[in-house]
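K.L.:
Sharing a structure here in structure tokens format.
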Amino acid sequence: MENRKGLMYAVTAYALWGVFPLYFAALEPAGPLEVLAHRVLWTAVFGVLTLLALRRLPGLGKAFRFKLLLAAVAIAVNWLTYVYGVHSHQVVETSLGYFLNPLLTVVLGVTVLRERLRPMQWIAVGIGLAASVVLTVDYGRLPWIAITLAVAFGTYGLLKKSIPVPALEGVTVETLFIAPAALVYLLWFAGPGGTTFGSGSAWHTVLLMLAGPITGIPLLLYAGAARRLPLTVTGLLQYITPVLQLTLGLTVFGEPMPLPRLLGFGLVWVALAVLSVDGLRAGRRRRGAQTVLQASN
């Protein structure tokens with residue numbers, strides 16, 4: 001029963017993240033910086049109100065850590081780049097960023113945590129590098145939107161891994177850290193004539209305010225799934241998000257997919273398949289070793 005509930009939570013969270021391009025496209029003519037500022041502010045409000053409703057607000061003070069400030073910067077870069085990608089009609093490239101993220105996570109494990117890669121992980125990283133070369137040739141430039149999204153989100157995940165703070169408290173603190181900068185931007189730099197909040201339609205204003213729950217609800221669903229499902233399952237389900245983003249980019253937004261770009265994406269998918277198979281095998285070996293150890297005790 002708990003596994004089924006966890007599966008439902010995970011699929012819903014990843015599906016919601018997958019259709020984010022539709023939401024952020026609907027926020028135009030608000031620019032990426034205004035969208036980021038509102039997302040930060042309304043997510044902070046949503047987090048505080050939710051913690052208050054759950055009677056967990058008194059524990060928020062304990063969640064303030066310096067690493068969460070660094071995590072806030074990383075996720076802000078990710079959010080800003082993502083909105084820019086959607087608004088500049090490069091949704092396909094944003095999906096590439098989330099396809100690359102597992103490979104970037106492996107690379108960060110080696111370079112930052114000094115982890116040792118298994119042979120199949122090395123193969124996956126090598127195929128990923130080849131895909132990057134193919135895509136760079138196709139785009140005529142480095143796919144910087146995809147790379148920035150992957151690096152920023154990978155860094156965010158690395159920082160969060162070392163901070164024992166629940167998901168809701170964590171994202172609330174992160175947005176509270178950068179909420180002053182968001183307010184300064186909206187009130188000073190953007191000014192009354194530079195922001196669309198309140199000056200456009202009522203629906204547009206409501207959409208901007210909904211950035212809080214739209215950001216917070218998938219995080220809560222993911223947290224519920226992570227408590228109920230093995231890491232290998234949530235790891236495989238994460239591909240729902242970029243698959244949906246890619247589908248929207250090709251169908252709803254009508255972005256091109258020339259053959260060289262398709263080849264590059266194909267190489268990324270092969271690398272992810274190798275990485276997933278290796279992860280499943282490693283997980284099976286760990287469970288087998290634990291079973292033997294328990295039997296011997």
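The values are calculated or read from the model by the stated rules, or taken from the named source; none is laboratory data. What you see is a predicted model, and the numbers here were worked out from it, not measured in a lab. Virtual Cβ from ideal backbone geometry, glycine too; neighbours counted across all protein chains shown.
K.L.:
Looking only at the range 264-297, count how many residues are surrounded by 10 or more Cβ atoms within 10 Å (Cβ to Cβ), modelled with pLDDT under 70 and polar (S, T, N, Q).
P.N.:
Residues flagged as surrounded by 10 or more Cβ atoms within 10 Å (Cβ to Cβ), modelled with pLDDT under 70 and polar (S, T, N, Q) within the range 264-297 amount to 2.
K.L.:
Still on this structure: Go through the range 80-95 and give me each residue that's of a type in the set (Gly, Ala, Ser) and surrounded by 24 or more Cβ atoms within 10 Å (Cβ to Cβ).
P.N.:
If the condition is that a residue be of a type in the set (Gly, Ala, Ser) and surrounded by 24 or more Cβ atoms within 10 Å (Cβ to Cβ), then GLY85, SER95 are the ones that fit.
K.L.:
Look through ALA44, ALA30 and report the one residue that is outside any helix (DSSP H, G or I), surrounded by 21 or more Cβ atoms within 10 Å (Cβ to Cβ) and either touching a Leu at 6+ places or on another chain (Cβ under 9 Å) or of a type in the set (Gly, Ala, Ser) (or both).
P.N.:
None of the others qualify; the one that does is ALA30.
K.L.:
For the structure I just gave you, tell me whether THR155 is touching a Gly at 6+ places or on another chain (Cβ under 7 Å) and either without any contact (Cβ under 8 Å) to a residue 40 or more places away in the chain or closer than 27 Å to TYR84 by Cα (or both).
P.N.:
In short, no.
K.L.:
So ARG261 passes all but one of these: (1) closer than 27 Å to THR136 by Cα; (2) surrounded by fewer than 20 Cβ atoms within 10 Å (Cβ to Cβ). Which condition number does it fail?
P.N.:
The one condition ARG261 does not meet is (2).
K.L.:
Give the residue that is surrounded by the fewest Cβ atoms within 10 Å (Cβ to Cβ), with candidates limited to residues of the range 200-226 that are touching a helix residue (DSSP H, G or I) at 6+ places or on another chain (Cβ under 7 Å) and not aliphatic (A, V, I, L, M).
P.N.:
Per the stated criteria, the residue is PRO213.
K.L.:
Quick one: would you say LEU80 is of a type in the set (A, V, I, L, M), assigned to a helix (DSSP H, G or I) and within 14 Å of TYR156 (Cβ to Cβ)?
P.N.:
yes
K.L.:
For the range 24-59: of the residues being of a type in the set (Lys, Arg) and at pLDDT below 95, which is nearest to TYR185 (Cα to Cα)?
P.N.:
Once the filter is applied, the top-ranked residue is ARG56.
K.L.:
Now, a different point. Please go through the range 47-68 and pick out each residue that is surrounded by 15 or more Cβ atoms within 10 Å (Cβ to Cβ), part of a helix (DSSP H, G or I) and out of contact with any Ser or Thr (no Cβ under 7 Å at 6 or more places or on another chain).
P.N.:
Within the range 47-68, LEU49, THR50, LEU57, ALA63, LEU68 meet the criteria.
K.L.:
Let me ask you something else. Looking at this structure, is GLY140 within 22 Å of THR81 (Cβ to Cβ) and under 14 Å from the mean Cα position of the chain (by Cα)?
P.N.:
For GLY140, the condition - within 22 Å of THR81 (Cβ to Cβ) and under 14 Å from the mean Cα position of the chain (by Cα) - is not met.
K.L.:
Please pick out the residue among ALA146, ALA182, ALA223 that is among the aliphatic types (A, V, I, L, M) and touching an Asp or Glu at 6+ places or on another chain (Cβ under 9 Å).
P.N.:
Among ALA146, ALA182, ALA223, only ALA146 is among the aliphatic types (A, V, I, L, M) and touching an Asp or Glu at 6+ places or on another chain (Cβ under 9 Å).
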